[in-house]
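Notes follow once the structure below has been shown.
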Amino acid sequence: MTHDSDATVRAVRLLAGFQYAQAAFAVARLGIAGHLMGGPLPVPELARRSGTDPTRLRQLLRVLAGEDVFTLLGDDRVDLGPLGPAFAPDTGSSAYELALTWADTLYAPYAELHRTLRDGVPAPEHHYGKPMFDWFADHPEHAARFSAAMREGLRTVRYGVPASLDLCGIRSVVDVGGADGSLLVRLAGLHPELTGVVFDLPHVVAEAGPVLDGHGLGARFTTVGGDFFVADDLPSGADCYVLSYVLHDWPDADAERVLRAVRAAGGDGARLRLVELVLPDWPEHPLPPFAATMELTMLGMLAARERTAADWERILAATGYRLDRIAPTSTPLSVIEATATNEETRS
Ligand SMILES: C[S@@+](CC[C@H](N)C(=O)[O-])C[C@H]1O[C@@H](n2cnc3c(N)ncnc32)[C@H](O)[C@@H]1O
């Protein structure tokens, strides 16, 4: 057997991923990137503003300069590199809220992945003793941070999604699992006649009212708290039900229960719009990078998975929907368009 030191170095780099993640979390958490949004700073000044030790900070900056997070300038000054704005709040490419929510809620349970691979029990159930969304219900401050990360995703990676949601002929919509209502705010701007409801768990949807009011949309959109597994909780009779980034969180049997409940609430002819990844149908190929990241989250945190077009078609057919079209967006996600058929498939 030949000695391949290159392969070992790459393998060690992969193993060190936990250290890089913590380094990136620290950059977000301590505001190191945020302090550089106004331009380059001397390292001692950046250390003062971020409450860090200048010698330790210099070590971190040098490592992360190799990852394009920072650019080291002469005379002990530092600037943001191409990836730097992602770690500062409220930039067009921000992953700041995601960094904080992953640091606080996902990082520790993910250490249980090896157990999940054996028993199929999601890592949070090993670590927290309960499923992720149940743990969020006990920790509303972390649920709010998670919603903020979702909102941030709509402003960045998923920015192009609302413009690609075809709502032609649709007057009323329910955003099921709509979190703080950010998607409906965007849709309201694109469709001036649209009315609707944000539906989510009660402690989550509590944030949506102020968001809608803040955009002057309180008269057009309301909020309802409930459980999307329960048909009677869901607002009935809307023209269209949107589930954005929701069903991928659930294994097939649970995803089908949600769809049956939505199908029952919407009735025959109601439209469905799913915003989801649609994986390429080639099992022998590695996943593209964004899909791979999401697949790791689904695998460990939810014992769920991302799906192919054939998977979506099967789940829709099993729950009384006809798949009309899968429309690409300008993002890695697609919009899966379906219509509730006349077939009685409710369980
Ligand atoms: C991944 S987030 C997607 C949020 C939003 N739709 C978006 O596109 O950014 C999944 C949402 O499902 C909600 N959720 C989870 N379980 C639920 C349940 N049983 N009933 C209603 N909503 C639920 C969560 O609170 C969360 O807001």
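Could you list all residues from region 36-70 that are within 23 Å of Gln19 (Cβ to Cβ), touching a residue at least 12 places away in the same chain (Cβ under 8 Å) and within 29 Å of the chain's Cα centre (by Cα)? Can you show your working first?
First pass over region 36-70, keeping only residues within 23 Å of Gln19 (Cβ to Cβ): 36, 43, 46-47, 50-70.
Then drop every residue that is not touching a residue at least 12 places away in the same chain (Cβ under 8 Å), which leaves 36, 43, 46, 50-52, 57-58, 60-61, 63-65, 67-70.
Of everything in region 36-70, those that are within 23 Å of Gln19 (Cβ to Cβ), touching a residue at least 12 places away in the same chain (Cβ under 8 Å) and within 29 Å of the chain's Cα centre (by Cα) turn out to be Leu36, Ser50, Leu60, Leu61, Val63, Leu64, Ala65, Glu67, Asp68, Val69, Phe70.
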Of residues in region 135-156 being more than 9 Å from the ligand (Cβ to nearest atom) and more than 15 Å from Asp90 (Cβ to Cβ), the one most open to solvent (accessible area, probe 1.4 Å) = Glu141
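Tell me which residues, restricted to region 235-261, are small (Gly, Ala, Ser) and either open to solvent by less than 10 Å² (accessible area, probe 1.4 Å) or under 16 Å from Arg271 (Cα atoms) (or both).
Taking region 235-261 first, the residues small (Gly, Ala, Ser) are 236-238, 244, 253, 255, 261.
If the condition is that a residue be small (Gly, Ala, Ser) and either open to solvent by less than 10 Å² (accessible area, probe 1.4 Å) or under 16 Å from Arg271 (Cα atoms) (or both), then Ser236, Gly237, Ala238, Ser244, Ala255, Ala261 are the ones that fit.
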If you check Phe87 against the conditions, is it in contact with a strand residue (DSSP E or B) (Cβ under 6 Å, 6 or more places away or on another chain) and of a type in the set (A, V, I, L, M, F, W, C)?
-> no
Residue ranges of strands (runs of 3 or more DSSP E) in region 229-347 with at least 1 members within 16 Å of the ligand (Cβ to nearest atom) and touching a residue at least 24 places away in the same chain (Cβ under 8 Å) | 240-244, 271-276, 334-340
Only one residue in Asp75, Asp90 is more than 20 Å from the chain's Cα centre (by Cα), surrounded by fewer than 21 Cβ atoms within 10 Å (Cβ to Cβ) and not in a helix (DSSP H, G or I), so which one is that?
-> Asp75
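The values are calculated or read from the model by the stated rules, or taken from the named source; none is laboratory data. Computed from a predicted structure; not experimentally measured. FYI the Cβ positions are ideal-geometry reconstructions off the backbone, even for glycines, and counts take in every protein chain you see. Note: accessible area is taken over every heavy atom of the protein model, side chains too, but ligands, DNA and RNA are not part of it. Shrake-Rupley method; radii C 1.70, N 1.55, O 1.52, S 1.80 Å.
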